[in-house]
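Below is one structure, written out as structure tokens, with a few remarks after it.
Read the figures in this text as sums done on the coordinates, not as results from a lab. Being a predicted model, the structure only gives us computed values, none of them experimental. Positions of Cβ are generated from backbone atoms using ideal geometry, with glycine treated the same way; all protein chains shown enter the neighbour counts.
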Amino acid sequence: MKTKLISMLLLLSMIISCKKDQQSVNSKSALQNSDSLQTLSLAQVKDWYGKNASTPSNTNSLNATSTAGSNKTFALSSVPFAWEKAQSVNNTKGNYWLVYLDGQPKFKNVKQGYRKLAFIRDSTGKIQSRILEIIPDAIYLQRKQKATVADFTGRVFIYDQNYKLISGDVYGNGKLMGKIKPKLTSSATTQTSTTQPSKFQTDEVSVQQDCQWNDSSYIDGDGVFTVYSELDCTTTIYDDGGGSGGGGGYTGSTGDAGGGGGGTGSSSSPASQPSNLPGENKDAVNPKALMKCFGNITDPNAKMTVTVYVEEPWPGTSFDIGPNSVGHVAIGLTKSSGSTSITQTVGFYPNATGYAKLNAPSKIVDNGGDLNYNVSISYSVSATQFNQITNYVANPPGTYDLNTFNCTNFVSSACQAGGITIPDAMGVVGLNGATMSLDKAMTPAHLGGSIEDMKGQSNVNTTGGYTPNSSGPCN
Amino acid sequence: MKKILIIIVAIVIISNLPLFNFFFQENYTYSNIDGSFYYNEEGGKGKSFEGCQRKYAYFLETHPDIKDKTLYRTFTIKPWRFWEWYQMIFHHKRFSLTYLEEK
């Protein structure tokens, strides 16, 4: 029994450790090839920094040196960082130190990534600094939420202490798959230069790697427009088919042999919050496009209905949490004239995952056809009221907050915009220790309870069902 | 030792309660082969695999020309997520769908 328990605990600890940061790691970085020779202490680094970063007359000074490709001067001493957060990173030749720098690069017109300052020893034993701009691939960051060395995908730009681009690496899933170098002439921004094919052949397949230097640009963390060249490689495998047919090929990005990289310090670093990418939330709908459809039916003689659908957390009770978790409230809008009818059923959601759902950017989701509601209440409204409500839904508040502005608040506010007051949705959700008062919020449970209390009225449905399908967006 | 075991079991049970679905349950996602249908369960917020099936049935009705009518899951199965064991045991249908990697 005891052995089983210990085994179980070991298994659990392994599971938990899987989630731990893979930060403390070491050497698989762009600086691995740098010339670190021996142990570098923080005191040595501080001493070197004190002498070099604060002496303007020094020719190797970190102050007031011109940034390549621009007239802007760079003064590292003006960029604040916290020594106490300095991290020693081991590599095969010793160690180097990393500190976070303020400032963020702008890549593809979006501020993303982060900066670090590295202190290394070169081959002569001298201390040098390198500025690293680490830009995780936006889609990779969206999916992973956090950049780690093991599977880092993105770019690492390496600058010298004068903020002059020296080199860089392009990583894909933790493997080195391309190189970055400064663009010497800034004539074009997207121009292909030399192709360097290399070929490897076996009896049945041949592998061809094509590498091209492509010019591109971005704005570095110091705000300077930086043009660089990037070596992108593709590998094509030609399968000769062993004598039976043939042809066919597979093309994909390659990982450099022996690569094994990962963004320098790209572990649990303060990577910028992933921004929303086009198509990232495929389920989010454009409320304007949905509401626009109602314009296809003219107002005169049209019949307009607003329905509030409630999926209670624990149907039949006032519990705020139940088998349906926290529950949900959606709003259904229908406009009919003759045989034509348009319905849109939408809900207000947090555009986030995990704890971030407590307070997050909002999104509108199509709730048509799939929301298993318990109770609903419908209102016939005038064209003016209907337009006011659709205007509100088309321009929803930008923030979702589980307590102060959730799906219930949204539906309540939308109806309020058209002069409709929905049944009381406010209820006690907790105790506020700070003010020693009861915390109240609008919740699906309380709204559902209030609607249930109205059972028997013609516009109230307490038998539930599925929401009607939405008509979809109109362009 | 018995106490530790009880604590572990309690953690597993509590973490599987619907209260945590909203925060911790993965937003299970589904798609058809060409991505023209996509569904996100939005953990604990009114959506479900049953709702997804309804929506997909409606989608197929309105898109009769779709040849591959298979619904795929676009999420990977993560058995170590003990807080989703309830879903894996009692709502296992969604996990039996063929996996399709999102592009």
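Assorted remarks:
- Along the stretch B:25-36 the Karplus relation, 6.51 cos²θ - 1.76 cosθ + 1.60 evaluated at θ = phi - 60°, assigns HN-Hα couplings of 5, 4, 6, 4, 10, 9, 7, 8, 4, 9, x, 6 Hz to successive residues, with x for each Gly and Pro.
- Long pairs among A:Lys46/A:Lys181; A:Lys126/A:Lys179; A:Lys106/A:Lys164; A:Lys51/A:Lys164; A:Lys116/A:Lys183, criterion Cα-Cα beyond 28 Å: A:Lys46/A:Lys181
- All Cα pairs of the stretch B:2-90, percent lying beyond 15 Å: 65
- Averaging the sequence gap over all C-alpha pairs within less than 8 Å and six or more residues apart, then dividing by the number of residues, gives chain B a relative contact order of 29 percent.
- Neighbour-limited loop hits for chymotrypsin sites (Phe, Trp or Tyr not before Pro), the stretch A:389-475 (at most 10 other Cβ within 10 Å; DSSP other than H, G, I, E, B): none
- Where chymotrypsin sites (Phe, Trp or Tyr not before Pro) fall in DSSP loop in the stretch B:59-97, at most 16 other Cβ within 10 Å: B:Trp80
- Estimated FRET transfer efficiency when R0 is 41 angstrom, pair B:Phe90-A:Lys106 (beta carbons, to 0.05): 0.30
- Extension reserve of the A:Thr384-A:Lys85 stretch, reckoned as 0.36 nm per residue once the Cα distance is removed: 101.7 nm
- Amide H contacts of A:Val375 (H built 1.01 Å from N, in plane; Pro and chain starts excluded): A:Val310, A:Glu312 sit under 5 Å, all sequence-distant by 5 or more or on other chains.
- FRET E, pair A:Asn214, A:Asp160, Förster distance 35 Å, beta-carbon r, rounded to 0.05: 0.90
- Distance between modelled label sites at A:Lys303 and A:Thr463, nm, 7 Å Cα→Cβ extension: 1.9
- Tilt relative to chain B, helix B:49-62 - C-alpha long axis, 0 to 90 degrees, to 10: 0
- The string of couplings for the stretch A:406-414 from the Karplus curve (6.51, -1.76, 1.60, θ = phi - 60°) is 10, 4, 6, 4, 4, 5, 4, 5, 4 Hz, one whole number per residue in order, with x for Gly and Pro.
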